[in-house]
Amino acid sequence: MTELEQYLQTYFEFDQADLVRVASFFKPETVKKGEFYLKTGKACNKLSFIQSGMLRVFVDLEDREVTQWISTKGYFISDLASLVFDKPSRWNIQALADTTLYTIAKSDYDRLGDFIPKWPVTEKLFIAHCFCTLEDRVFSFLSMTAEQRYNILFDSNRELFNQVPLQYIASMLGMTPETISRIRRKQLI
């Protein structure tokens, strides 16, 4: 069983034949450090699973960049609104390290239901999982201090702090680099 199949099986209830069929639509892809997986304004025509490496999801504003998320091994990556609703992408997605992906083209994604009868239910669960993750993130911004948000990310994704520039992490957590430095200093005492 491939890493992709293991991940799919963890999140979704597929029988073995459907699991192999879904995984067969995903093709290997590599994005080198610094290259873009997607640029703002372009159509997102794919969904990928990160086998290794990391991708930063961000937007350029007039006065700064805002990092929306840093996606790492074991996560899916796409601009879901662009993929599902055929809208121009809101996000830039750029590799922070050489990244290996399993990628399904939108045309194949759209026809999975033709091959897997349970796909509509599975897709609903996938999108619900994405929505719940987003709800948790919004709740953390509304209810937690900067230090609490920092600690949760540090505890759940410690390797990011050694591999990603702190200004990206600070932006993703909704704080300035100075705030993140103060939190780190305070925790060293």
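The values are calculated or read from the model by the stated rules, or taken from the named source; none is laboratory data. Since the model is a prediction, treat every value here as computed from it, not as a measurement. Counting neighbours? That spans all protein chains shown, and the Cβs are built from the backbone with ideal geometry, glycine included.
Overview of results
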quantity: Residue within the stretch 131-138 that is out of contact with any Asp or Glu (no Cβ under 7 Å at 6 or more places or on another chain), modelled with pLDDT of 90 or more and either of a type in the set (A, V, I, L, M) or within 21 Å of GLN187 (Cα to Cα) (or both) present; calculated: yes
quantity: Breaking point among (1) under 29 Å from ALA170 (Cα atoms); (2) among the small types (Gly, Ala, Ser); (3) not in a strand (DSSP E or B), for SER48; calculated: (3)
quantity: Matching residues, the stretch 139-151, being within 19 Å of ARG185 (Cβ to Cβ) and assigned to a helix (DSSP H, G or I); calculated: ALA146, GLU147, GLN148, ARG149, TYR150, ASN151
quantity: Close pairs (9 angstrom Cβ cut-off, 6 or more residues apart or separate chains): on the phi > 0 side of the Ramachandran plot in the stretch 19-43, in a loop (DSSP other than H, G, I, E, B) and surrounded by 14 or more Cβ atoms within 10 Å (Cβ to Cβ) anywhere; calculated: GLY34/LEU96; GLY41/SER89; GLY41/ARG90
quantity: Test: ASP114 is part of a helix (DSSP H, G or I), within 20 Å of PHE12 (Cα to Cα) and modelled with pLDDT of 90 or more; calculated: yes
quantity: Only one of SER82, SER89, SER78 that is surrounded by 19 or more Cβ atoms within 10 Å (Cβ to Cβ), in contact with a helix residue (DSSP H, G or I) (Cβ under 8 Å, 6 or more places away or on another chain), under 13 Å from LYS46 (Cα atoms) and modelled with pLDDT of 95 or more; calculated: SER89
quantity: Hits in the stretch 1-23 - residues which are surrounded by 12 or more Cβ atoms within 10 Å (Cβ to Cβ) and either of a type in the set (Asp, Glu) or under 15 Å from LEU112 (Cα atoms) (or both); calculated: GLU3, GLU5, LEU8, PHE12, GLU13, PHE14, ASP18, LEU19, VAL20, ARG21, VAL22, ALA23
quantity: Every pair of residues 6+ apart whose Cβ atoms lie under 7 Å, when the first sits in the stretch 171-189 and is touching a residue at least 40 places away in the same chain (Cβ under 8 Å) and under 14 Å from PHE161 (Cβ atoms) while the second is buried (at least 19 other Cβ atoms within 10 Å of the Cβ) and of a type in the set (A, V, I, L, M); calculated: MET172/ILE70
quantity: Any hit, the stretch 85-101, residues being more than 16 Å from LEU8 (Cβ to Cβ) and in a helix (DSSP H, G or I); calculated: yes
